[in-house]
Amino acid sequence: MDRYVKKAIRSLYRKHVDPKREADPALFDGILQNFNKAVDVSVNSKKHGGFAHELRTNNEVYSAFRSHRMGRDMAAKMLDEDGKLKSFTKFREDVKPIADHHVKQWLETEYNTAVRRAHLAEKWKTYEDDLDIFPNLRWIESWAVQKDKEHFDFRNTIAPVNDPFWDAHRPGDRWGCKCGLEQTDEETNIPVSAGGKGGDPSPGLEENPAKTKRLFSDKGPFFPSSCASCPFASMLQAAKETDLTAARKKDCYNCPAAKQVIEKAKRPETWNTIETKAGRVRVSSLHGKNEMQENVEIASHLANKHKHEIDLLAKSDENKNADAYNHTLQCKQEFKRNVAGTANSIDTAIRYGKDQADDIVLDIRSDIPEGALSNAIKKRVKRSSNVKSIWIIKGEFDRLYTREEILSEDFKIQWD
């Protein structure tokens, strides 16, 4: 898992992933392999190939939410107390305790639990096949040195394979549980305590994997409590139309937003470095063809003239995102080229650009008068509370205007 963490640290620092709403591909890959290994060592794929495949498919959903949480926790250490970006070395040092906690403490426990639950799930298939011979199951006491007190009253319980008791209580439904089951034709003896509140499953372990075909439920700590609080909600097209409210019943394993995150995490991303005289421009293989040449030209201008280091980012088909991340300025930027030369076209460029980034670069390739340009920018910025800056490029003219400058009384762009 170490190499996946190292790759994720670099990716997060370079802003290749939005940790608030995406899963880091490296963390996703490493975590997914971890849980798929649990399936491989526990389930006979030749005998139960379809079942193993469904477990692996659902592992992708769990790994997406799991890797998102880990990436988010790591990214939170990127800035110092003053809100400034730490050096990469400092960030890597500060992230190590978090990575160790996620991997050495949580992930190892999750893996061992996944192995146990996958093994019991496959055996459950046998229990169902042998109902006519062994209609009942006996709860076998844990062989762990430190036994789970919550399961103490269930030892030696005998109940029919299809009894509701097994839906409420099962070996493996608590973290670290090492209880077992065995087939029997002896008479049932379900304890009275089985109907009480004791021995409740740990959050995320309530389900029987043999029936749901997933190792963990979506009630675990890495899943959102509701659709309204889901970090992946923005991956849905027209999110407002999907009724993402707390009242909507969540179904994370069948959610199209989660599937979008998974597909993006599974796509390999490579980077092409553009030749520049100064600075650096890199283009993601997922940047998309639309506007690529235009964006490369704008980024190259900033690199050549100001020695900026810029990455043109992956594009999303489902939601709005910035064209670039400017490492020199430590901000995301949206590039817009104006050829229409009207105040309305400038207004439209900023109106759409503000939804993609707080900092906008306008490359003017028209004969719009300075006054019309100044007025259009000021009017739209005044109505766009998130816009922090507008960078104007027109031939040799090249200047960054802050929000404060734009909204000042004497704001006026002059080419000369």
Sum of -39500 (n - 2.57) over DSSP H runs of 4+, divided by residues of the chain (222 nm, nearest 500): -12000 deg cm²/dmol
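Determine, from the Cβ-Cβ distance of Asp416 and Asp2 and an R0 of 45 Å, the FRET efficiency 1/(1 + (r/R0)^6), rounded to the nearest 0.05.
0.20
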Taking Cα atoms, how many degrees apart are the long axis of helix 256-266 and the longest axis of the chain, rounded to 10 and kept between 0 and 90? 80 degrees
With N set to the residue count of the stretch 271-407, report its C-alpha Rg divided by 2.2 N^0.38 Å to two decimal places. 0.99
Taking every DSSP beta bridge with both residues inside the stretch 271-407, roughly what % is antiparallel (nearest 5)? 50 percent
Viscosity 0.692 mPa s, temperature 37 °C: what is the translational diffusion coefficient of the stretch 1-152 from Stokes-Einstein with a Kirkwood Rh over Cα pairs, rounded to a whole number of µm²/s? 184 µm²/s
Only Lys, Arg, Asp and Glu count, each charged at its Cβ (+1, +1, -1, -1), so figure out the dipole size of the chain about its Cα centre, rounded to 20 debye. 1040 debye
Label-point separation (nm) for Glu396 and Lys289, each offset 7 Å from Cα along Cα-to-Cβ? 3.8 nm
Spin-label pair Glu405/Asn272, simplified geometry with 7 Å Cα→Cβ offset, distance in nm: 3.4 nm
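Can you pull the percent of Cα pairs in the stretch 75-185 with separation above 24 Å? Provide the component values of the computation, followed by the final result.
Working: 2779 of 6105 pairs.
Result: 46 percent of Cα pairs exceed 24 Å.
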Kindly provide the pair-distance distribution of the chain built from C-alpha pairs, with 20 Å bins from 0 and whole-percent values in order of increasing distance. 22, 43, 23, 10, 1
With +1 at each Lys and Arg Cβ and -1 at each Asp and Glu Cβ, the charge dipole magnitude of the stretch 268-320 around its Cα centre, to the nearest 20 debye, comes out at 260 debye
Calculate how steeply helix 108-129 sits against the longest principal axis of the alpha-carbon atoms of the chain, using the helix alpha-carbon long axis, and give the answer as 0 to 90 degrees to the nearest 10. 50 degrees
What fraction of the DSSP beta bridges in the chain is antiparallel, stated in percent and rounded to the nearest 5? 60 percent
Theoretical gain in end-to-end length, Lys305 to Ile98 [0.36 nm per residue, Cα-Cα removed]: 70.6 nm
Ranked from highest to lowest mean number of other Cβ atoms within 10 Å per residue, what is the order of the peptides 59-70, 335-346, 291-302? 59-70, 291-302, 335-346
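Bear in mind these aren't lab numbers, they're just calculated from the coordinates by the rules spelled out. Keep in mind the model is a prediction, meaning the values are calculated, not measured. Here Cβ is always computed from backbone atoms with ideal geometry, including for glycine, and neighbour counts include all displayed protein chains.
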